[in-house]
Structures are given as structure tokens and as C-alpha cells.
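To start, the structure itself, in C-alpha cells.
The values are calculated or read from the model by the stated rules, or taken from the named source; none is laboratory data. This is a predicted model, so every value here is computed, not measured. Neighbour counts are summed over all protein chains in view; Cβ atoms, including those assigned to glycine, are modelled from backbone coordinates with ideal geometry. Heads up: the accessible areas ignore ligands, DNA and RNA and are worked out on the full protein's heavy atoms, side chains in. Shrake-Rupley method; radii C 1.70, N 1.55, O 1.52, S 1.80 Å.
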Amino acid sequence: MIFNSGRWCKKQTNMKMNSFVWMLLLATVLLLTPAVAMLFTDEVRWTWGDFLVAAFLLYGSVFMADWIWRKLTSMRDRLLVCGAILILLLALWLELAVGIFGSPLAGS
């Protein structure tokens with residue numbers, strides 16, 4: 001029943017929170033991947049600054065995508081904007097890592 005708003009609203013809120021928690025968990029796993037790799041090989045060398053920038057990018061993207069998902073009503077618009085956020089995240093990440101665009105932000 002839709003008018004039994006207590007349960008229906010609670011279920012909708014739980015579904016939204018679950019997706020947000022999963023996105024945060026995915027961002028955390030992606031952030032921990034280089035930390036674990038650094039334990040096993042010398043080829044991965046991240047500093048604290050690298051982890052801070054990566055955390056800012058990953059968690060910032062998660063918060064922006066969640067906010068956009070809640071504000072926009074059209075599924076098409078949601079997917080387009082969240083896809084744009086993902087593309088911008090990947091482009092900035094690649095630029096910081098290897099300098100594919102040759103900007104001053106590029107890594108060494």
C-alpha cells in the first residue's frame with residue numbers, strides 16, 4: 001500500500017542509503033588497493049599526499065553522484081550527469097597519474 005507511508009518511505013530511504021554505502025565502500029576499496037600493493041611491491045610508491053588527493057577525488061565523486069541522483073528526477077539526466085562525473089574523474093586521475101594531456105598537474 002502506497003498510503004502506508006511509514007513503511008514505504010522507510011524502505012525507499014533504506015534503498016537510497018544502501019546504494020550510497022555501497023558507493024562509499026567501492027571508493028574505499030579503490031583507495032586501499034595501492035596501499036595493499038605497496039606492501040608487496042616497490043613499483044607502487046604513493047605518498048600521503050597521493051592518498052589525500054585520491055580520497056578527495058573518489059569521495060567527492062561519490063558525494064556528487066549521490067547528490068545528483070537525489071536531485072534529478074529523469075533517469076536519462078541522472079545517467080548523463082553521473083556518467084560525466086565518472087568521465088571527469090577518470091580523466092583527472094589519468095592526468096595526475098601519467099600526464100596524458102601534458103598539463104602542469106601531471107605526475108613525474
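In this structure, does THR13 turn out to be open to solvent by less than 100 Å² (accessible area, probe 1.4 Å) and modelled with pLDDT of 90 or more?
Values: open to solvent by less than 100 Å² (accessible area, probe 1.4 Å): yes; modelled with pLDDT of 90 or more: no.
No, not satisfied.
Can you pull out the residues in the range 53-64 that are under 17 Å from GLU95 (Cα atoms) and either touching a helix residue (DSSP H, G or I) at 6+ places or on another chain (Cβ under 8 Å) or not in a helix (DSSP H, G or I) (or both)?
VAL53, ALA54, ALA55, LEU57, LEU58, SER61
Tally up the residues in the range 76-108 that are open to solvent by 100 Å² or more (accessible area, probe 1.4 Å) and either closer than 19 Å to LEU25 by Cβ or assigned to a loop (DSSP other than H, G, I, E, B) (or both), please.
4
Hey, any hits in the range 30-52 for a residue that's modelled with pLDDT under 85 and either within 27 Å of LEU94 (Cβ to Cβ) or basic (Lys, Arg) (or both)?
So far as the range 30-52 goes, no, none of its residues is modelled with pLDDT under 85 and either within 27 Å of LEU94 (Cβ to Cβ) or basic (Lys, Arg) (or both).
Among residues belonging to the range 65-75 that are farther than 17 Å from THR28 by Cβ and of a type outside the set (Gly, Ala, Ser), point out the one that is least open to solvent (accessible area, probe 1.4 Å).
ILE68
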